[in-house]
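One structure below.
The values are calculated or read from the model by the stated rules, or taken from the named source; none is laboratory data. All figures in this text were calculated on a predicted structure; none of them were measured in a lab. Don't worry about glycine lacking a Cβ; one is built from the backbone with ideal geometry, like all the others, and counts go over all protein chains shown. Surface areas here come from the heavy atoms of the whole protein model, side chains and all, with no ligands, DNA or RNA. Shrake-Rupley method; radii C 1.70, N 1.55, O 1.52, S 1.80 Å.
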Amino acid sequence: MKLKSKLTLGVISTLLLALFACCTMSIAVSKNSILKSTITYSELELEKLKDNLWVNRQDIEQSTEELTMRAVLRYCFFQQTQYSDDNTEYVLINENGDSIYNNSGVNPEAIMSLGTDEAVKTEIVRFAESDYLVCGKTCSLNNTYYHIYLIRNVTSIFVQLRQLSFIYMAIGLSVCMIAGAVIIFFLRKELEPLEQMKREAEAIAEGQYSARLKISGKDELAHLSRSFNQMAESVEHHILEVEKTSEARNRLIHALSHEMRTPVTAISGYSYALRSVRMNEEQKTEALEFIDLEAKRLERLSGKMTELIGLSENKIQLQTIHLADMKKQLEMIFQNQNTIRLQIEEGSMLGDQDLLILVITNLCDNARKAGATEITVEVSPMGIWVKDNGKGISESDRERIFEAFYQGDASRNQEGFGLGLALCQKVAELHHTRLQVNSVEGKGSTFYLYNSLTTL
């Protein structure tokens with residue numbers, strides 16, 4: 001069951017229960033109020049009847065004969081009750097149970113017992129498919145106790161109460177239906193962001209990463225919609241990054257295949273010549289040296305490609321690098337290269353020492369390929385600089401030298417694949433900075449990357 005249906009059902013059920021409770025309480029209060037009013041009125045009428053009999057007691061007590069006294073008592077009692085309404089009957093019974101006056105056809109003594117207590121007693125009974133209110137009171141005349149009863153037919157009151165109950169229930173159901181319609185409309189409108197969120201989530205699942213929610217208001221659903229849009233934006237950004245990385249990898253793989261074709265073709269050709277063509281020793285040696293040279297070239301190309309692809313996760317472990325340790329390692333690498341001069345200060349920096357050394361060696365290798373006879377490597381906590389006096393880089397080439405497999409004029413006829421600077425730029429990005437270059441054609445180039453805050 002949908003959330004909207006659950007909320008609608010829950011709210012309407014609660015509303016029905018509340019209306020039922022209100023109707024039940026209202027009916028109960030109305031019933032008690034009407035019955036209490038009727039009982040109070042009947043009790044007052046019974047008290048008035050008793051008081052009137054007491055006023056006529058002298059006429060009753062003057063009769064010496066019992067038969068005469070009963071006749072006078074019946075007459076006085078009749079006089080007091082002849083103007084009552086059609087629904088009210090009266091009964092007068094002496095203490096011996098003899099009926100003096102009874103126009104109801106009911107024996108009230110079987111309903112309630114009064115005794116000698118003069119307090120008014122009341123009871124509601126049902127017989128002959130009708131409801132009756134019976135009020136009784138004891139009074140004393142001529143040293144004899146008499147029981148006075150008022151019997152009122154209250155069936156109409158109960159009919160009215162049932163009709164009132166029906167009216168209350170009808171009103172309650174009508175109110176519930178109207179309120180239910182309003183609640184359904186309100187919930188549909190308020191929960192529309194959830195429906196929209198569901199649709200947009202399905203769209204994102206199908207690859208439509210640009211899907212966004214329309215935000216209105218400042219309630220919790222609006223905040224949830226903003227969070228959803230932020231999540232969708234993050235997903236889209238992540239997918240774009242993944243696609244960009246995948247595309248870059250594909251380009252690298254295709255470029256690698258293209259670059260490998262030339263040395264592979266050369267190796268194949270010389271291998272075929274060694275097997276099929278008669279060659280002197282000098283030619284064989286030359287062919288083997290060329291095969292070895294091209295094989296090493298393939299190995300270097302493969303290594304650079306592996307490094308480029310392996311560094312695509314944009315995460316490295318930054319550690320404290322002691323520049324004295326880096327200096328020892330660089331001196332070992334460049335010990336037989338007199339064209340390279342190291343200037344390394346004392347101190348430390350954060351980064352990956354092996355990757356930073358890879359940057360330095362690649363930059364020195366590029367400088368050598370560009371005809372440099374003097375290469376200066378400067379390392380300090382502020383950054384890394386590699387200066388050379390090579391051919392320099394033209395202005396048109398500077399914007400593209402960091403692209404994989406791009407080779408400018410300065411290195412066009414030199415050994416290399418155009419992967420070194422791309423790899424160096426990638427390492428710089430992993431250290432939260434950029435590799436930059438200043439170059440003048442014919443005078444040399446300076447490559448540098450500055451320390452970015454606390455990390456390179």
Quiz item: Going highest first, how would you order 336-348, 127-139 by mean Cβ packing within 10 Å?
Solution: 127-139, 336-348
Quiz item: By average Cβ neighbour count within 10 Å, what is the ranking of 281-289, 323-331 from highest down?
Solution: 323-331, 281-289
Quiz item: Tell me, what HN-Hα J-couplings in whole Hz come from the Karplus equation 6.51 cos²θ - 1.76 cosθ + 1.60 at θ = phi - 60° for each residue of the stretch 176-191, using x for Gly and Pro?
Solution: 5, 5, 5, 5, x, 5, 5, 5, 4, 4, 5, 5, 4, 6, 6, 8
Quiz item: Can you list the residues, at least 5 places off or on another chain, whose amide H is less than 5 Å from the amide H of TYR145, using H built in the peptide plane?
Solution: GLU95
Quiz prompt | Of LYS328/LYS391; LYS327/LYS369; LYS244/LYS296; LYS6/LYS198; LYS31/LYS121, those spanning more than 28 Å from alpha-carbon to alpha-carbon | solution = LYS328/LYS391; LYS244/LYS296
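Working with all protein chains in place, sort LYS189, LYS426, LYS387 by solvent-accessible area computed with a 1.4 Å probe, largest first.
Sorted descending by solvent-accessible area, the residues read LYS189, LYS387, LYS426.
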Quiz item: Picking from LEU49, ILE124, ASN32, whose Cα lies most toward the positive end of the charge dipole for the stretch 1-143 (charges on Cβ: Lys, Arg +1; Asp, Glu -1)?
Solution: ASN32
Quiz item: Can you list the residues, at least 5 places off or on another chain, whose amide H is less than 5 Å from the amide H of ILE321, using H built in the peptide plane?
Solution: MET349, LEU350, GLY351
Self-check item: Å² per residue, accessible surface of the stretch 96-186 at 1.4 Å
Solution: 54 Å²
Quiz prompt | From phi via Karplus (6.51, -1.76, 1.60), per-residue ³J(HN,Hα) for the stretch 130-141 in Hz, x at Gly/Pro | solution = 9, 10, 10, 9, 10, 10, x, 8, 9, 9, 10, 9
Quiz item: Which percent of the accessible area of the stretch 99-176 is formed by carbon and sulfur heavy atoms (probe 1.4 angstrom)?
Solution: 53 percent
